[in-house]
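Read through the structure below, which is laid out as structure tokens, and then see the notes.
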Amino acid sequence: MHSLRRAVLAASLLCAASAIPAMPAIAEETDNGFISLQAENDLFARFANTDRHYTNGVQAAWLSAPRDDLPDWLKSLSAPPLFGLFTDDANVVTVTRRVGVNIGQEIFTPDDTDATAPLLHDRPYAAWLHSTFTLQSVRENAAGGAWQDQWKLDLGVVGPWALGRQVQNGWHKLINVEQANGWENQLRNEPTVNVSFERAWRSERTESILFDLDTDTIPYGVVALGNAQTYAALGAIIRLGPDLADDFGPSRIYPGIGGSDWFRAATGFDWYVFGGGELRGVARDIFLDGNTFRDSQSVDKKPLVADMKLGATAILGSTRLSFTHVFRSKEFYDQPKPDQFGSLTLTFGL
């Protein structure tokens, strides 16, 4: 069993490592792709060494330089025909296509991590180790508006093979805090396959009434299907800054909705603040519903979940640092109160 766990982790790490090229010395204007390092944790929001519900997520992502060598069927897939319902192709002046890969792990626990017995009215212990493969298309018009389409394929595993207990309790031992005692009750091993499609629109910039700052709006929608997560979502963010970067805001780990792992390098220092919301209709969530083909602990999930988020982004040359504070509504009926956590993302150009 230990050898199988090591094999799953090693295979995922190999997929990510093989896709990440060496970092060359390049001019600032050259777009050779991006690396993103992300961490999400309830510690960032509550400033306390406690674990509850979605308690930790980490992710490393690589996004390629613009690709002109994709086969025709991938070019067609990257922006499906429905694109024409929302914009006029005649006004599009640039089309950029990229591919990407990441490796991530998310950890979930009940509120009471001291108990060793199953807690029937709280969410089960669970971890998800997975790799995501991305196909992205961005279309821009002359006025500064843009549309981003993203296909994502997630391949991973839930259960002991996802190494949640080892990561969480290993970290707790390192920082000398109490162990989580209920990992024997976690979800069982199960491979996961998920496919999602996301479309985002970035409006043209307008001048706000606040200190001559620019503002824009980025609404988005997503549909996801798989045994890990099946949902549909709509959301939007509003950005405010002195010279808004040509991106779609910072990306997120769980669930990975909205934002972009690319941006255009700033000449010197740039920044913006943002706020927004998101509503998800959830048909399937393995971390609440339990295993698909085996008996496991589960809770009665809520069919609608809302996120509110506030954050700030700083860009210095080819490096972008973002922090997002997320307020999440109750995800299951016995949940005593909503959750909140922080998301920290560092992205740099290659």
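Summary table
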read-out	value
Asn176 vs. criteria over 23 Å from Phe34 (Cβ atoms) and free of Cβ contacts under 8 Å to residues at least 40 places away in the same chain	yes
Condition met for Thr345 (among the polar types (S, T, N, Q) and out of contact with any Pro (no Cβ under 6 Å at 6 or more places or on another chain))	no
Residue that is outside any helix (DSSP H, G or I) and either over 15 Å from the mean Cα position of the chain (by Cα) or surrounded by fewer than 19 Cβ atoms within 10 Å (Cβ to Cβ) (or both), where the choices are Val101, Val138	Val138
Residue match in the stretch 239-257 (condition: under 16 Å from Leu279 (Cβ atoms) and among the small types (Gly, Ala, Ser))	no
Positions within the stretch 201-211 being in contact (Cβ under 8 Å) with a residue 60 or more places away in the chain and in contact with a strand residue (DSSP E or B) (Cβ under 6 Å, 6 or more places away or on another chain), in sequence order	Trp201, Arg205
Options Val305, Val299; residue that is closer than 25 Å to Gly259 by Cα, out of contact with any Cys (no Cβ under 6 Å at 6 or more places or on another chain) and of a type in the set (A, V, I, L, M)	Val305
Leu346 being touching a residue at least 60 places away in the same chain (Cβ under 8 Å) and part of a strand (DSSP E or B)	yes
Of the criteria (1) out of contact with any Gly (no Cβ under 8 Å at 6 or more places or on another chain); (2) in contact (Cβ under 8 Å) with a residue 24 or more places away in the chain, which one Arg252 fails	(1)
Subset tally (residues that are under 30 Å from Val177 (Cα atoms) and either under 14 Å from the mean Cα position of the chain (by Cα) or modelled with pLDDT of 95 or more (or both)) for the stretch 32-84	13
Any hit, the stretch 268-278, residues being at pLDDT 95 or above, assigned to a strand (DSSP E or B) and among the acidic types (Asp, Glu)	yes
Neighbours by Cβ (under 7 Å, 6+ apart or cross-chain): first from the stretch 95-115, more than 20 Å from Val177 (Cβ to Cβ); second acidic (Asp, Glu) and crowded, with 23+ Cβ neighbours inside 10 Å	Gly100/Asp261
Among (1) buried (at least 18 other Cβ atoms within 10 Å of the Cβ); (2) in a strand (DSSP E or B) - the single one Ile257 does not satisfy	(2)
Any hit, the stretch 157-174, residues being crowded, with 18+ Cβ neighbours inside 10 Å and of a type in the set (D, E, K, R)	yes
Total residues in the stretch 113-133, condition touching a Gly at 6+ places or on another chain (Cβ under 9 Å) and surrounded by 14 or more Cβ atoms within 10 Å (Cβ to Cβ)	14
Conditions (1) surrounded by 23 or more Cβ atoms within 10 Å (Cβ to Cβ); (2) modelled with pLDDT of 95 or more; (3) closer than 18 Å to Val222 by Cα: number failed by Leu153	(1)
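The values are calculated or read from the model by the stated rules, or taken from the named source; none is laboratory data. Being a predicted model, the structure only gives us computed values, none of them experimental. Backbone-built Cβ (ideal geometry, glycine too); neighbour counts: all protein chains shown.
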